[in-house]
1. Going by the structure shown, is A:Q301 of a type in the set (S, T, N, Q), at pLDDT 90 or above and surrounded by fewer than 16 Cβ atoms within 10 Å (Cβ to Cβ)?
2. With A:I77, A:I7 as the choices, which residue is modelled with pLDDT under 90, more than 14 Å from every other protein chain (Cβ to nearest Cβ), buried (at least 18 other Cβ atoms within 10 Å of the Cβ) and touching a strand residue (DSSP E or B) at 6+ places or on another chain (Cβ under 7 Å)?
3. Just the residues that are farther than 27 Å from A:V335 by Cβ and in contact with a Gly (Cβ under 9 Å, 6 or more places away or on another chain), please, taken from the range A:263-294.
4. Within the range A:27-50, can one find any residue that is open to solvent by 20 Å² or more (accessible area, probe 1.4 Å), under 22 Å from A:H207 (Cα atoms), polar (S, T, N, Q) and in contact (Cβ under 8 Å) with a residue 12 or more places away in the chain?
5. For the range A:204-232, which residues satisfy the criterion of being open to solvent by 50 Å² or more (accessible area, probe 1.4 Å) and not in a loop (DSSP other than H, G, I, E, B)?
6. Does any residue of the range A:259-266 turn out to be surrounded by fewer than 22 Cβ atoms within 10 Å (Cβ to Cβ), within 18 Å of the chain's Cα centre (by Cα) and in a loop (DSSP other than H, G, I, E, B)?
Amino acid sequence: MAKILVIDDEAELRELMRLVLTRRGGHQVVLSAGGRDGLKKAFADPPDLAIVDVMMPGMTGYEVCRALRDNPKTASIPIIILTARGQPVDRDAALAAGADEHLVKPVTMAMLMEKVDEMLARRGGGEEVGGTLVMLSLRGGVGVTTLAVNIALLLAQKEAGEVCLADLSPASGHVALYLGLRPEPHWGKLPPDALDPQAIAPYLLRHDSGLWVLAAPYYPLVGRTMEPGTARAVLDALAQRFAALVVDTPSLLDEATMAAVETASDVGLVVTAEPASVQTAIGTLRALKTWDDKLSLILNQVTPGPPPPVSALEKALKRPFAAVVPFDPAQSQAVARRTPLVIGDPDAPLSQALRGLVEGFGG
Amino acid sequence: MEERLGSNWLVADFFTNRYRISGRLDVRHKKLAAQLNDHTTAFLQIENVYISNIETPAEIIASHEVAVLRKGNISAAVVQRQEDGLLREQTYGSYLGTYLRKVFLAVSSYEIEGYLRLSGKLDLRTVLTTGTDTFFPVLDGKMGSAVRPGTVFSGGAILVNKEHVGVFFVEEE
């Protein structure tokens, strides 16, 4: 039995939902006729799931969603927006406000129950994943962003949307591009002070999959990177707000990357079989020796050809690979289509290799 | 019969040149099409009204308990379920002997494509001039906004105001 908060100004519909959710689902239902009252009830005793109408006098459902997400007590509860506004723009607005699902009225009871069960199962079931995963390589062109984007999407599938992907590149990072998102706003516009989860929330983008994104500036920042102290504050705030955080770092050990490494639960160091990449990885392992226990090596084959000599590379790097990602010819098309492989082709070799890696993350 | 969380109220999106107005109306005694085509009044009363600018159609800029819309200003009304947008004579077993014809219309600042359900040969002039109904349904309709390219509103039916139709195309059979 779960506790479900229903916020809807229509008395008849509220009562109907109470009957359906209690009698058919066996859930405990808390009813609220408006946004402010609903928030008061949610903050006093957080529910396991909230069903929120959009068109309500005084406070819209979008505002309710944002307030629930901004409060640490309710930030991670699944939210279903149930609204008569059923256009694609409304779905985008609901997801951007923090909802996990967008259902259009009139909805069948069967459909409502199915969604409620699905959301509760996603929240309660499966292995727990969580923490901060930093993806890193000091050698460019080894596929760090590709892996970070696909891993974050896999985590979002497991964590019902409570996952954020942060792009720390000061030189026009490509996370937003890969996901087909316009990088506006981005972290270059963050205010220098008050970097808590509430302050950062308006700067996050939402992908259709439910993944949240902190995008990098569209144009390269000239002569500057993140302000001193900003990176750590941003990462702390995101880690506080989200169950899992994936960080795509630039190819240098600057203050932002080091803040990410220090706060990470796991660091994925990406390497290819190319000699320069291997040499860079050896140097990186030495530089990050202090954080050795959270470092994992990921071998990524970014060019076609025979499989890389895994054993020889492991010998050179003096540690085993946590994952070996094979070359996937579909990857370049996935970027062009703005549809990462784990979504566009879940059975692709890259998708399968990363799925195994994600299972072990934060465990 | 499908069990729905709904009532005798129908929620529809009404589009004028500048606004998207979402509201509910009582359809117990008169369907939406009949209310829009009722020439005894030039106005349509809706409740629980939420208004968006057409440039930002998901952003609610105002809400009111009750509003009265001048029907002549409504370019189109979008409903999710086809049956909620049909004319009276198109319901209750009137599917026999009818066929669907794909159409494209430019209506004020919108472009609409969908299907007309017809029982005889299509004559464009007849659709626009014959009969007393001002609004006619375009089924499985998609409506693009000229002021915000890329934004599409869709519904099981779009009730289009004949007076606002600027261009009317029919696709080849």
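1. no
2. Among A:I77, A:I7, only A:I77 is modelled with pLDDT under 90, more than 14 Å from every other protein chain (Cβ to nearest Cβ), buried (at least 18 other Cβ atoms within 10 Å of the Cβ) and touching a strand residue (DSSP E or B) at 6+ places or on another chain (Cβ under 7 Å).
3. Within the range A:263-294, A:S265 is the sole residue that qualifies.
4. no
5. The one that is open to solvent by 50 Å² or more (accessible area, probe 1.4 Å) and not in a loop (DSSP other than H, G, I, E, B): A:R232.
6. Checked against the condition, which is being surrounded by fewer than 22 Cβ atoms within 10 Å (Cβ to Cβ), within 18 Å of the chain's Cα centre (by Cα) and in a loop (DSSP other than H, G, I, E, B), the range A:259-266 yields at least one hit.
Per-residue answers, yes or no, for (1) over 19 Å from B:I60 (Cβ atoms); (2) in a helix (DSSP H, G or I); (3) under 27 Å from the mean Cα position of the chain (by Cα):
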| residue | (1), (2), (3) |
| --- | --- |
| A:K40 | yes, yes, no |
| A:P46 | yes, no, yes |
| A:M55 | no, no, no |
| A:Y62 | no, yes, yes |
| A:A67 | no, yes, yes |
| A:K73 | yes, no, yes |
| A:I77 | yes, no, yes |
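Yes/no matrix, rows are residues, columns are (1) assigned to a helix (DSSP H, G or I); (2) in the same structural domain as A:A239 (by TED's automatic domain parsing); (3) out of contact with any Pro (no Cβ under 8 Å at 6 or more places or on another chain):
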residue	(1), (2), (3)
A:V278	yes, yes, yes
A:L285	yes, yes, yes
A:D292	yes, yes, yes
A:A334	yes, yes, no
A:T339	no, yes, yes
A:V342	yes, yes, yes
A:L350	yes, yes, no
A:R355	yes, yes, yes
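The values are calculated or read from the model by the stated rules, or taken from the named source; none is laboratory data. Here the structure is a predicted model, which is why all the values come from computation and not from measurement. For neighbour counting, all protein chains shown are included, and Cβ atoms are generated from backbone atoms with ideal geometry for every residue, glycine included. Areas reflect the complete protein model, heavy atoms only, side chains present, ligands, DNA and RNA absent. Shrake-Rupley method; radii C 1.70, N 1.55, O 1.52, S 1.80 Å.
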